[in-house]
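Asker: Take this structure first; my questions come after.
The values are calculated or read from the model by the stated rules, or taken from the named source; none is laboratory data. Source: prediction; values computed, not measured. Positions of Cβ are generated from backbone atoms using ideal geometry, with glycine treated the same way; all protein chains shown enter the neighbour counts. In case anyone asks, the SASA skips ligands and DNA or RNA and just uses the protein heavy atoms, side chains included. Shrake-Rupley method; radii C 1.70, N 1.55, O 1.52, S 1.80 Å.
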Amino acid sequence: MSKVEINKPAPLFTLDDFEGNAVSLAEYAGKKNVFLVFNRGFMWPFCQKHMAQLRQDYDKFVAKDIEIIVVGPEKASAFAGYWAEHELPYVGLPDPNHSVLKLYGQEVNLFKLGRMPAQVVIDKNGVALYTHYGKSMSDIPNNDELLNSV
C-alpha cells in the first residue's frame, strides 16, 4: 500500500455513506477542502476521543471551508448508531471492504492491534496538502495542526 504524497493529486473514490447516499471525493472539487480521517474503529478510545474533538471544533473546520469525512472499517449500521448516539455533524463513510483505506495507504500493524490512524487534507483542487500516518493508536494530530494546513 502506498501512502498519499503531499502536493500530488489525492486518489479519487466513491463510497456510500451510512444512509446509502453515494459520496465522491470528486464532488468536492472546486467547492470545498476535504479532511479525510481514517480511523481504526469506534470501539477504540483514541478514535472515540478524536471523533469528539472533531465535533467540538467542527465550526472551525466549516469556517475554513473544510468538509470532514470519516472513513472506517465498520459496516453502515455501526456508523449509523455511532453518529446518532454522538450527534456527529460530519460525513461518515463505512468501508468494510477496506477499498479506500487501502487506496490511501492506511497501515495495518498486527503487533499494534490493527489499523493505525491516518489523516489527509485535500484542497479544492484535489491536491493533498497534508498527510499524517500514525505510528500508534494514539498518534493523532490535534485539530489546530490540521486547520493550519489549509
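Conditions (1) in contact with a Phe, Trp or Tyr (Cβ under 6 Å, 6 or more places away or on another chain); (2) in a strand (DSSP E or B); (3) on the phi > 0 side of the Ramachandran plot, marked per residue:
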| residue | (1), (2), (3) |
| --- | --- |
| 51 | no, no, no |
| 80 | yes, no, no |
| 93 | no, yes, no |
| 96 | no, no, no |
| 100 | yes, no, no |
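Asker: Can I ask one more? Give me the residue from region 91-130 that is of a type in the set (S, T, N, Q) and open to solvent by 40 Å² or more (accessible area, probe 1.4 Å) and, out of that set, modelled with the highest pLDDT.
Answerer: Restricting to residues being of a type in the set (S, T, N, Q) and open to solvent by 40 Å² or more (accessible area, probe 1.4 Å), the top hit is 125.
Asker: Another question, then. Would you confirm whether any residue within region 43-51 is touching a Ser or Thr at 6+ places or on another chain (Cβ under 7 Å), surrounded by fewer than 21 Cβ atoms within 10 Å (Cβ to Cβ) and modelled with pLDDT under 90? Reasoning before the result, please.
Answerer: Going through region 43-51, the residues touching a Ser or Thr at 6+ places or on another chain (Cβ under 7 Å) turn out to be 46.
Now drop any that are not surrounded by fewer than 21 Cβ atoms within 10 Å (Cβ to Cβ), which leaves 46.
Among the residues that remain, those that are also modelled with pLDDT under 90 are: 46.
Yes - at least one qualifying residue is present in region 43-51.
Asker: If you don't mind, another one. Condition check: modelled with pLDDT under 85, crowded, with 18+ Cβ neighbours inside 10 Å, not in a helix (DSSP H, G or I) and not charged (D, E, K, R). Does residue 34 satisfy that?
Answerer: no
Asker: Same structure again: Of all residues in region 1-24, which are open to solvent by 40 Å² or more (accessible area, probe 1.4 Å), in a loop (DSSP other than H, G, I, E, B) and among the hydrophobic types (A, V, I, L, M, F, W, C)? Explain how you work it out, then say what you get.
Answerer: Quick first cut of region 1-24, residues open to solvent by 40 Å² or more (accessible area, probe 1.4 Å) only: 1-3, 5-9, 12, 14, 16, 18-22.
Now restrict to residues that are in a loop (DSSP other than H, G, I, E, B): 1-3, 5-8, 12, 18-21.
Answer for region 1-24, where residues must be open to solvent by 40 Å² or more (accessible area, probe 1.4 Å), in a loop (DSSP other than H, G, I, E, B) and among the hydrophobic types (A, V, I, L, M, F, W, C): 1, 6, 12, 18.
Asker: Continuing with the same structure: Would region 55-71 turn up any residue that is at pLDDT below 85, under 22 Å from residue 146 (Cβ atoms) and either crowded, with 17+ Cβ neighbours inside 10 Å or under 14 Å from the mean Cα position of the chain (by Cα) (or both)?
Answerer: Quick first cut of region 55-71, residues at pLDDT below 85 only: 55.
Adding the requirement that they be under 22 Å from residue 146 (Cβ atoms) leaves 55.
Next, from what is left, pick out any that are either crowded, with 17+ Cβ neighbours inside 10 Å or under 14 Å from the mean Cα position of the chain (by Cα) (or both): 55.
For region 55-71, residues at pLDDT below 85, under 22 Å from residue 146 (Cβ atoms) and either crowded, with 17+ Cβ neighbours inside 10 Å or under 14 Å from the mean Cα position of the chain (by Cα) (or both): present.
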